[in-house]
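The values are calculated or read from the model by the stated rules, or taken from the named source; none is laboratory data. All of these numbers come straight from a predicted model, not from anything done at the bench. For neighbour counting, all protein chains shown are included, and Cβ atoms are generated from backbone atoms with ideal geometry for every residue, glycine included. All accessible areas refer to the heavy atoms of the entire protein, side chains included, with ligands and DNA or RNA removed. Shrake-Rupley method; radii C 1.70, N 1.55, O 1.52, S 1.80 Å.
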Amino acid sequence: MNVVAVIQARMGSSRLPGKVMISLNCLPIIQHVIRRTSASDVDDVVVATSNNSRDDIVARHARREEVKVYRGEETDVLGRVFESATVNEADLIVRITADNPLLSPEVLDVAIQLAREDQVDYVSNKIERTFPAGLDVEVFTYESFKRVNKEAKTPHEREHVTPYYRSSDSFTTSNVSSDQVFDERYMQNRTDLRFTLDTPDDFQLFEEVYANVDYDGLLDITDAVTYVDNTELGEHNMD
């Protein structure tokens, strides 16, 4: 079973333009996301960006990390993810957004394992939320996604990729809960925390975490949560 992680990334964010290329601890955000995704149990990582010239820099940095790149229509994000999966012969697709620089490989691995074991169309930790924002993951089968690509028609469905799975009653689904991933009580049911990048306040939190938490390779999300709890840093950008 070929597991392909597709990271959707572009420079044209309305609230924080160019956020995927903002430097965090000497690396662009997109490179943090690529490295954290690559540390999970996936066979391929693809950055799906647009064919707009302003996204040339996204493609360039993805290739620097030695992952694949697919470029397509900017507004049809669903189409870009689908074509990325098709070209790379995916059986399972792991959908990642490029604004989550503390994405947890452990969460990805549990979602992938659940998709394999339960043999369902769609697995997510967003059906019933128990994780901080920014640790979101979705895993779905290529066969079911072919249907989604064909049947999802509205601009909202095409831009946000997976709403059709959750609005239709014709797909089988499973939810990943925080206690399936983390034994630590302080990591469970932490919907009060926010680790996604949409605003300058969000970036300030990431800067402080990366400046003050020791790590080797990838910064562990449990250490980040411990630091945020101890400093009450998360209070200024709670989701």
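In table form, for the structure just shown:
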| quantity | calculated |
| --- | --- |
| Top-ranked residue of the range 135-146 - restricted to ones that are farther than 17 Å from Asp109 by Cβ and open to solvent by less than 10 Å² (accessible area, probe 1.4 Å), ranked as farthest from the chain's Cα centre (by Cα) | Ser144 |
| Sole exception among (1) outside any helix (DSSP H, G or I); (2) touching a Pro at 6+ places or on another chain (Cβ under 6 Å); (3) open to solvent by 20 Å² or more (accessible area, probe 1.4 Å) for His61, by number | (1) |
| Selection count, the range 1-18, where residues are small (Gly, Ala, Ser) and in contact (Cβ under 8 Å) with a residue 24 or more places away in the chain | 4 |
| Top-ranked residue in the range 32-60 [being polar (S, T, N, Q) and under 13 Å from the mean Cα position of the chain (by Cα); ranked as nearest to Phe203 (Cα to Cα)] | Thr37 |
| Members of the range 19-60 that are at positive phi and either free of Cβ contacts under 8 Å to residues at least 40 places away in the same chain or among the aromatic types (Phe, Trp, Tyr) (or both) | Cys26 |
| Inter-residue pairs, beta-carbon under 8 Å, first within 20 Å of Arg147 (Cα to Cα) and in the range 106-121, second open to solvent by less than 10 Å² (accessible area, probe 1.4 Å) and in a helix (DSSP H, G or I), 6+ apart | Asp121/Ser144; Asp121/Tyr165 |
| Count - residues of the range 12-53 that are buried (at least 20 other Cβ atoms within 10 Å of the Cβ) and outside any helix (DSSP H, G or I) | 9 |
| Some residue of the range 168-184 being of a type in the set (A, V, I, L, M), outside any strand (DSSP E or B) and out of contact with any helix residue (DSSP H, G or I) (no Cβ under 8 Å at 6 or more places or on another chain) | no |
| Which numbered condition Met1 misses (of (1) surrounded by 15 or more Cβ atoms within 10 Å (Cβ to Cβ); (2) touching an Asp or Glu at 6+ places or on another chain (Cβ under 6 Å)) | (1) |
| From Val33, Val4, residue being touching a strand residue (DSSP E or B) at 6+ places or on another chain (Cβ under 9 Å), aliphatic (A, V, I, L, M) and closer than 22 Å to Phe195 by Cα | Val33 |
| Selected residue (only one of Asp198, Asp202, Asp229 is assigned to a helix (DSSP H, G or I), open to solvent by less than 50 Å² (accessible area, probe 1.4 Å) and over 22 Å from Ala39 (Cβ atoms)) | Asp202 |
| Count - residues of the range 91-126 that are open to solvent by 10 Å² or more (accessible area, probe 1.4 Å) and within 15 Å of the chain's Cα centre (by Cα) | 8 |
| The range 147-188, subset free of Cβ contacts under 8 Å to residues at least 24 places away in the same chain and in contact with an Asp or Glu (Cβ under 6 Å, 6 or more places away or on another chain), residue surrounded by the fewest Cβ atoms within 10 Å (Cβ to Cβ) | Pro163 |
| Filtered residue count, the range 1-29, keeping only those that are closer than 17 Å to Glu74 by Cα and either of a type in the set (Val, Ile, Thr) or under 12 Å from the mean Cα position of the chain (by Cα) (or both) | 5 |
